[in-house]
Amino acid sequence: KKADFSWDQLTEKSFSFAKEMGTRYVEVEHVFLGVLATLSDPTKLLSKFNLSLDMCKDAVEWLLSERERLSKVFFWQEDYTVPLMGGVNRGMTGRVTHALDAVGTDFTEQAQRGYIKNVSGHKKETQDIIDILGSSDRVNILIIGPPGSGKTSIVKRIASEIIKGTAENALAYKRIVSIETSSLIAGTGTAGDFAGRLRNIMDDVAGSGNIILFFDEIHNLVAADPNGGSTIFSLLEPYFSTNKFQVIGATNLENYRKYVEPNGSFSRLFRIVEIGETDYKETLEILEGSAFDLEKEYGVKISYLALQSTITLAKKLIHERVFPDKGLDILSRAVLQVRKSKKVVTAVDVAAVISELTHVPVSIVGEDESKKLLNIENELKKRVVGQDKAIEQIGKAMKRGRVGIRSDSKPIASFLFVGTTGVGKTETAKALASYYFNSEKAMIRLDMSEYQQPDSLNRLLGFPDGKSRGILTEAIRKNPFSLILLDEIEKASSQVLLAFLQVLDDGRLTDSAGTTVDFTNSIIIATSNVGTRSIQQESEKGSDFETINNVALNDVRQHFAPEFLNRFSGIIVYRPLDETDFRKIVGIMLSRVQRVSEDKGIHVTFKPELIDELLKRGFSR
């Protein structure tokens, strides 16, 4: 069907998009957006490809951003505010620093040559550091953040701001030089050689008067001696204390507390700036910049949806690392996997990489997944006999969780199974793990009778010294997609129950090492024998299930605190099984024996009389 719009409309819309994005020319991509914008109903067309007009605009901005960046590298545009006799025009003049140049990397020189792109992320923290450095030449900065959060990138960004001339005036003529501890030591045969080299370097820095030193992993300067002393720091301290140059250091919180904080003479020299991982928007900007480099290096194309999927899936499934590091790693792995085949990285390729890293299936809810959800009750009933009502309750909760109705800050679902021994509570948990997580091995089983003492909580979360990891937190950290089975929850100590109360409510726990463990991709099932006696008594009377259910729930409410019970998605009472149910169970178990025998080349058949005899010996009310 022909689109109904005029050439003037298309031209006007295309120009409008180019102006909005701040580009110098109307590009083909702007015309593409113009065509979409002039359609009477672009949403209908784009929805067929799971796209929206805003998503197309974001993709076009990303594609054009690299062209704009390159134009500004080779032809310094007037939109760069360069101060008089500063920034690029001034160049890198000043004292010659041969000793420093031999061991250091000059970030400002790299920025001047165009080797450092527009670094995204942590804009507020970067500006805070620029303000602090510019306020006084006697202030040193210590950046504390988790590995991979972008500490070095912040320093590179400051170097770029200096070259552009957009940093504080006090930083206009500064050089930022990065020094690694290993480069200081390399090639020095004796302590005297090392001390001589260090003095020459520091003389260069102090004599220049315009240098900011950057030490990544700065704790290495004091980590050599467990008593807090260090040959490196003892040699550097006189230079640090004279304030002839400024220092930016970077480390993580663990090493700061272990090495830097206990050393008062060292820690007092720095003002701390803490950073976390980058948010969605910042991470997307970083991946957009990295994608151009990967495309050029490996000769592939990366789709915009692949960048978005990298962030959303990594956030959901990978918890041991932080953005942007884990996003960049996943994107690089996806590129390496497709570079010799189809040459295009899609969201499916990203999902495959994450699935390989996490050992869990990565799926996006679609038509096939919906059919699977519709059939969840039937699949569970194949393994669990005589508990149709319980299975139906579980199935409804699973559907709510899978399609996103549940809260993102809670586990997928949580249940309290109540019933006598042998009615199928554990078998239900196994069947659910197998169905929902594709493997029975995805079940973490904890016997709560082993956690009756208050200090047994340390076994779950880790001991205070941090040397021993917690059984539960470590298991979930490695396999976030798991079913946690808490057998006989009524036997656990109150401290353990409080910990699980937090998991049920917030979907997270903090272990002994201070690491937050995410439980939002797990299912939690607690089993209890509370009410067993009442269930048996009512069953012997011949009471219907409704009566048995009410009596059991009454016992449960008397035993557990309301704030604990209210956190569960459902409290499910398992009815006592009758002889007919046991006959089905025996048939299922004998079928398993047959399958195992067949695998070993043994053919086995069972007579009906055997089933009768097994029921006679094993069944009792």
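The values are calculated or read from the model by the stated rules, or taken from the named source; none is laboratory data. Being a predicted model, the structure only gives us computed values, none of them experimental. Ideal geometry is used to build each Cβ from the backbone, glycine not excepted, and the neighbour counts take in all protein chains shown.
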Among the residues of the range 521-529, are any out of contact with any strand residue (DSSP E or B) (no Cβ under 7 Å at 6 or more places or on another chain), in the same structural domain as ARG567 (by TED's automatic domain parsing) and closer than 28 Å to GLY386 by Cβ? yes
Just to be sure before I move on: is ASN263 touching a Ser or Thr at 6+ places or on another chain (Cβ under 9 Å) and among the polar types (S, T, N, Q) in the structure I sent? yes
Listed residues VAL338, VAL360; which is in contact (Cβ under 8 Å) with a residue 60 or more places away in the chain, over 30 Å from ILE144 (Cα atoms) and either assigned by TED's automatic domain parsing to the domain that holds LEU64 or β-branched (Val, Ile, Thr) (or both)? VAL360
Would you check if GLY587 is under 19 Å from GLY386 (Cβ atoms), surrounded by fewer than 17 Cβ atoms within 10 Å (Cβ to Cβ) and out of contact with any strand residue (DSSP E or B) (no Cβ under 9 Å at 6 or more places or on another chain)? yes
Residue count, the range 471-498, condition under 30 Å from SER355 (Cα atoms) and among the small types (Gly, Ala, Ser), comes to 2
Among the candidates LEU504, LEU509, which residue alone is modelled with pLDDT under 90 and assigned by TED's automatic domain parsing to the domain that holds GLU427? LEU509
Set ASN479, ASN549: member being modelled with pLDDT of 85 or more and farther than 21 Å from GLU563 by Cβ: ASN549
For the range 33-55: of the residues being among the hydroxyl-bearing types (Ser, Thr, Tyr) and under 15 Å from SER6 (Cβ atoms), which is modelled with the lowest pLDDT? SER40
Filtering the range 196-226 down to residues that are in a strand (DSSP E or B) and in contact with a Lys or Arg (Cβ under 8 Å, 6 or more places away or on another chain), which residue is surrounded by the fewest Cβ atoms within 10 Å (Cβ to Cβ)? ASP216
Scope the range 113-134; condition at pLDDT 85 or above and touching a helix residue (DSSP H, G or I) at 6+ places or on another chain (Cβ under 7 Å); matching residues: ILE116, GLY121, HIS122, GLU125, THR126, ILE129, ILE130, LEU133, GLY134
Report whether or not VAL322 is at pLDDT 90 or above and in a helix (DSSP H, G or I). no
Per the filter on the range 585-621, residues of a type in the set (Lys, Arg) and either modelled with pLDDT under 85 or touching a Leu at 6+ places or on another chain (Cβ under 7 Å) (or both) are LYS616, ARG617, ARG621
If we keep just the residues of the range 264-280 that are exposed (fewer than 15 other Cβ atoms within 10 Å of the Cβ) and under 15 Å from the mean Cα position of the chain (by Cα), which is farthest from GLU66 (Cα to Cα)? GLY276
